[in-house]
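Structure first, commentary second.
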Amino acid sequence: MQRRERPNPAGHELFDASTRVRRESERLRAVSDHIIAAVDALRDLELRARKVPVGSAEFERLSNEIAAASRDIFRMAGEQSVLASEYEPADATIDDADEGA
């Protein structure tokens, strides 16, 4: 009869912590990527708004889109701030997470 080895609780804790850190860094990287894309889109909207007559229906529509995009960016930045507050201090950066992906 073969003996079953008992699981190593310390090993499991280390694995669980590693998995949690990887998931958190992926979430933070995803939020950061979305913020960068949203800022780029906001810039494009703003540049388009500069080329249409002020007071026109097109200008008003673009202004509303700009305001909505700004609110989305603000919301994402808040989410990033919450995620950042959950992290223990570390030397790793979001770019490091990109390199590990």
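The values are calculated or read from the model by the stated rules, or taken from the named source; none is laboratory data. Just so we're clear, the structure is a prediction, and the values are computed from it rather than from any experiment. Neighbour counts are summed over all protein chains in view; Cβ atoms, including those assigned to glycine, are modelled from backbone coordinates with ideal geometry.
Considering the range 21-75, and only residues there that are over 30 Å from GLU86 (Cβ atoms) and in contact with a Phe, Trp or Tyr (Cβ under 9 Å, 6 or more places away or on another chain), the residue that is surrounded by the fewest Cβ atoms within 10 Å (Cβ to Cβ) turns out to be PRO53.
Suppose we keep only residues that are of a type outside the set (A, V, I, L, M, F, W, C) and touching a residue at least 40 places away in the same chain (Cβ under 8 Å) within the range 30-66. Which one would you say is farthest from ASP95 (Cα to Cα)?
First, the residues of the range 30-66 that are of a type outside the set (A, V, I, L, M, F, W, C): 32-34, 40, 43-44, 46, 48, 50-51, 53, 55-56, 58, 60-61, 63-65.
Filter once more, keeping what is touching a residue at least 40 places away in the same chain (Cβ under 8 Å): 32, 34.
Details: SER32: 10, HIS34: 14 Å.
Selected residue: HIS34.
Would you say GLU99 is under 18 Å from the mean Cα position of the chain (by Cα), part of a helix (DSSP H, G or I) and modelled with pLDDT under 75? In short, yes.
Please work out which residue is nearest to ALA37 (Cα to Cα), limiting yourself to the range 51-86 and to residues that are of a type in the set (Ser, Thr, Tyr) and either touching a helix residue (DSSP H, G or I) at 6+ places or on another chain (Cβ under 7 Å) or at pLDDT 95 or above (or both). Can you show your working first?
Quick first cut of the range 51-86, residues of a type in the set (Ser, Thr, Tyr) only: 56, 63, 70, 81, 85.
Now restrict to residues that are either touching a helix residue (DSSP H, G or I) at 6+ places or on another chain (Cβ under 7 Å) or at pLDDT 95 or above (or both): 56, 63, 70.
Details: SER56: 27, SER63: 19, SER70: 12 Å.
Among them, the one singled out is SER70.
Within the range 56-79, does at least one residue satisfy the condition of being more than 15 Å from the chain's Cα centre (by Cα) and outside any helix (DSSP H, G or I)? The answer is yes; a qualifying residue exists.
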